[in-house]
1. What nm distance separates the two modelled labels at residue 55 and residue 81, each placed 7 Å from Cα along Cα→Cβ?
2. Cα axis of helix 81-92 to longest principal axis of the chain: angle in degrees, 0 to 90, nearest 10?
3. To make sure I understand, if each residue's beta carbon is the centre and we count other beta carbons within 10 Å, what order do 64, 70 fall in, fewest to most?
4. Taking square-rooted eigenvalues a ≥ b ≥ c of the alpha carbon gyration tensor, is the range 2-75 rounded, prolate or oblate, where a/c under 1.5 means rounded and, failing that, a/b exceeding b/c means prolate?
5. For the range 2-75, what is the relative contact order in percent, using Cα pairs closer than 8 Å and at least 6 residues apart in sequence?
6. Given R₀ = 25 Å, FRET efficiency for residue 71-residue 43 by Cβ-Cβ distance, to 0.05?
7. Relative to the longest principal axis of the C-alpha atoms of the chain, give the angle of the C-alpha long axis of helix 2-45, reported between 0 and 90° and rounded to the nearest 10°.
8. Measure nothing fancy, just the Cα-based angle from helix 52-71's long axis to the longest principal axis of the chain, in degrees from 0 to 90, nearest 10.
């Protein structure tokens, strides 16, 4: 049983490392590609209209969401928000707290 638990932890950690690695690869490709688009934009119309910013913005939003998912950053609920809410609702449901 202990061996199975260690194996599960190993696979979860490996999946997390793979997700972080994928995020950093996507981040690097984002910067390289956006710089390429910026160069094309500059050489074609000398910044009269910075159309590459639309691609940077759209891809950047997706990258931000991927980063939030990979690193577990949730500014609205926090790390243990769900567990805290469950405990809070369980305490409210106890018989001595019903008649308050």
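Any read-out appearing in this document is the output of simple, stated calculations on the displayed coordinates, not a laboratory observation. None of the values given here were measured: they were computed from a predicted structure. Note: ideal-geometry Cβ built from the backbone for every residue, glycine included; neighbour counts use all protein chains shown.
1. Simple spin-label model gives 3.5 nm for this pair.
2. In the chain, helix 81-92 runs at an angle near 30 degrees to the longest axis.
3. Result, fewest neighbours first: 64, 70.
4. prolate
5. With pairs under 8 Å counted, the relative contact order is 37 percent.
6. FRET efficiency, residue 71 to residue 43: 0.10.
7. Computed tilt is about 30 degrees.
8. That helix lies at roughly 30 degrees to the long axis.
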